[in-house]
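Report on one structure; see the data block that follows.
The values are calculated or read from the model by the stated rules, or taken from the named source; none is laboratory data. Because the structure is predicted, anything quoted here is derived from the model rather than measured. Here the Cβ is made from the backbone with ideal geometry for all residues, glycine too, and neighbour counts use every protein chain on show.
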């Protein structure tokens, strides 16, 4: 599949401060999550992808075109920035209509109707933005980014201020856009939300691309970091004494009525735990991997 966004050895510095350091990556059609702690360089990368900042070194292309000083690229790309920028006295419809006019669309009314319908705010489009909740304003800002029907959509922290129901609706909308063949890049610090909606993840730490791919594939590649498993059973001390002798186990510790096990061979451990419990005559309640989430992957990368 041809990449929609390509960065080749991109760096960005401000004086002596290096914000982005030699990043090369590709973003393909579908939903990609861009993750990292504050100061990791995520927003700087997004701004360079959108042509809002020039890289100090390297090259960036969107749909095969350079993005800097290329106004035509905005006909196929939409961006929603992290920081809220709306005119509170505008109605939601007027705000999206302004975006349509700035893009020079010929059928402004139809485009506005479609975009506001995408985000489910047709019933409140006549109200002033100042009367909207934060989540509603985020959705109307998304409508403005969608009004010209872009092929590539860059979203910086789009889930800010949304409630759980709105996040579900956002996920459904992102999947709908991706199913139409679009490229959606979502930057967020809400790791579990990105894990749910994104097909692929890019993890940035200290201005560098620390890992990329499907999050379980990233976790499997971190062989230097053992998996953590929680084993809940009767007599956890007896279980811990038995498990620590296994070749697949690096260490054990007690956590109340549970045993926390570190292992580099999770498959072998999962087979051995019930066998060990049966041999000891102990009732086994739960075997729970603690590293099967994007949060754990992110933590490992940051700590490393």
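Things worth noting here:
- Breaking point among (1) more than 29 Å from residue 165 (Cβ to Cβ); (2) surrounded by fewer than 17 Cβ atoms within 10 Å (Cβ to Cβ), for residue 89: (1)
- Per this entry, residue 166 is not counted among residues that are surrounded by 18 or more Cβ atoms within 10 Å (Cβ to Cβ) and assigned to a loop (DSSP other than H, G, I, E, B).
- Scanning segment 83-94 for residues that are closer than 28 Å to residue 5 by Cβ and either assigned to a strand (DSSP E or B) or in contact with a helix residue (DSSP H, G or I) (Cβ under 6 Å, 6 or more places away or on another chain) (or both) returns a single hit, 86.
- Verdict on residue 191 being closer than 19 Å to residue 81 by Cα, out of contact with any strand residue (DSSP E or B) (no Cβ under 6 Å at 6 or more places or on another chain) and buried (at least 18 other Cβ atoms within 10 Å of the Cβ): yes
- Unmet criterion (only one of (1) without any contact (Cβ under 8 Å) to a residue 40 or more places away in the chain; (2) surrounded by 15 or more Cβ atoms within 10 Å (Cβ to Cβ)) for residue 210: (1)
- Residue within segment 1-16 that is touching a residue at least 24 places away in the same chain (Cβ under 8 Å), more than 19 Å from the chain's Cα centre (by Cα), buried (at least 22 other Cβ atoms within 10 Å of the Cβ) and under 30 Å from residue 218 (Cα atoms) present: yes
- Filter result for residue 254 (over 30 Å from residue 38 (Cα atoms), more than 20 Å from the chain's Cα centre (by Cα), crowded, with 16+ Cβ neighbours inside 10 Å and modelled with pLDDT of 85 or more): no
- The condition (being outside the structural domain of residue 202 (by TED's automatic domain parsing) and under 34 Å from the mean Cα position of the chain (by Cα)) is satisfied by just one residue among 260, 243: 260.
- Residues in segment 194-241 that are over 22 Å from residue 267 (Cβ atoms), at pLDDT below 85 and touching a helix residue (DSSP H, G or I) at 6+ places or on another chain (Cβ under 6 Å): 195 alone.
- No other residue among 213, 281, 207 is touching a strand residue (DSSP E or B) at 6+ places or on another chain (Cβ under 6 Å) and at positive phi apart from 207.
- Looking only at segment 275-304, and only at residues there that are in a loop (DSSP other than H, G, I, E, B) and at pLDDT below 90, the one that is farthest from residue 226 (Cα to Cα): 293
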